[in-house]
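The values are calculated or read from the model by the stated rules, or taken from the named source; none is laboratory data. Just so we're clear, the structure is a prediction, and the values are computed from it rather than from any experiment. What goes into the accessible areas is simple: the full protein's heavy atoms, side chains included, and nothing from ligands, DNA or RNA. Shrake-Rupley method; radii C 1.70, N 1.55, O 1.52, S 1.80 Å.
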Amino acid sequence: PGSTAMAPLSPAVVLPEVALVSAGAVGGALLRFAASEFAKRRDCGPVVILALNIAGSFALGTLAGNGAGRQAQLLLGVGFCGAFTTFSTFSMDTLNMVQRGQLRRAASYVTASNVFSVGAAYA
């Protein structure tokens, strides 16, 4: 009585969920890679990553707001959106701007990323 320990999950329970997350992640990662390559070739700078983060936040917010089921959340939310959005790249872009002395640009990028991503998730 009073124990909060959870019973271990069997592979039969976990593997289908892992497969859903993995399948979504492949799609999200490939789309992010394509967008990043496009940005490099067009010298677009961090605006593409900003757009990806906003779009991913909108998608995740829409999923959550529409009461998506567990499978949709795993496939699209955790898998696709988790791989599609890229906070680590956002962080490196910001750091690179700061190191180059582009403080106003870095501050604008951080502000826009946060305001629009959170706003998109709310929409």
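The stretch 10-27 and the stretch 54-123 have Cα centres separated by 23 Å.
The share of accessible area on the chain that comes from carbon and sulfur is 68 percent, using a 1.4 angstrom probe. Scanning the chain for long hydrophobic helices, with DSSP H runs required to stretch 27 angstrom or more by C-alpha along their axis and to average at least 0.0 on the Kyte-Doolittle scale, returns 11-42, 103-122. Geometric descriptor of the stretch 9-72, per residue, is 86 Å³ (volume of the convex hull of the Cα atoms).
Relative to the compact-globule scaling 2.2 N^0.38 Å, provide the ratio for the alpha-carbon radius of gyration of the chain.
Its radius of gyration relative to the 2.2 N^0.38 Å reference: 1.30.
By a 1.4 Å probe calculation restricted to protein chains, residue 26 has an accessible surface near 90 Å², given to the nearest 10. Pairs of alpha carbons in the stretch 62-123 separated by more than 14 Å make up 66% of all such pairs.
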